[in-house]
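**Student:** What follows is a single structure, and I will ask about it in a moment.
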């Protein structure tokens, strides 16, 4: 009889979040889309999906398009400005 192996969902989620925040050369939008699909499938199958939030411009280096933008003083801009020049793969679960 084969022994069943289990995965540490928290560790998988932590690694996926690291990849989604990453800024190295090969970390493309397409790569992050793949990470998102894989992670969401794992979380849904394990009944552990609890949504995500976009990474802000304050959480990423200045040359990286964030998932959402906030003003330097912490104010939330209007919807159009908030999502101007953003990348929807810059998120955290």
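**Student:** Here are some conditions: (1) in contact with a strand residue (DSSP E or B) (Cβ under 9 Å, 6 or more places away or on another chain); (2) surrounded by fewer than 12 Cβ atoms within 10 Å (Cβ to Cβ). Residue 67 meets all but one. Which one does it not meet?
**Tutor:** With respect to (1) in contact with a strand residue (DSSP E or B) (Cβ under 9 Å, 6 or more places away or on another chain); (2) surrounded by fewer than 12 Cβ atoms within 10 Å (Cβ to Cβ), residue 67 is out only on (2).
**Student:** Name every residue in segment 36-64 that is surrounded by fewer than 16 Cβ atoms within 10 Å (Cβ to Cβ), part of a loop (DSSP other than H, G, I, E, B) and on the phi < 0 side of the Ramachandran plot, in order of residue number.
**Tutor:** Hits for segment 36-64 are 46, 48, 49, 50, 58, 59, 61, 62, 63, 64.
**Student:** Let me ask something additional. Across segment 13-41, what is the number of residues that are in contact with a helix residue (DSSP H, G or I) (Cβ under 6 Å, 6 or more places away or on another chain) and free of Cβ contacts under 8 Å to residues at least 60 places away in the same chain?
**Tutor:** Counting residues in segment 13-41 that are in contact with a helix residue (DSSP H, G or I) (Cβ under 6 Å, 6 or more places away or on another chain) and free of Cβ contacts under 8 Å to residues at least 60 places away in the same chain gives 4.
**Student:** Looking only at segment 17-35, how many residues end up being assigned to a helix (DSSP H, G or I) and either farther than 16 Å from residue 55 by Cα or in contact with a strand residue (DSSP E or B) (Cβ under 9 Å, 6 or more places away or on another chain) (or both)?
**Tutor:** So the count comes out to 7.
Rule-based calculations on the coordinates, nothing more; no lab input. Please read all numbers here as calculations on a predicted model, not as lab measurements. A quick note on method: Cβ atoms are made from the backbone with ideal geometry, for glycine too, and the neighbour counts reach across all protein chains shown.
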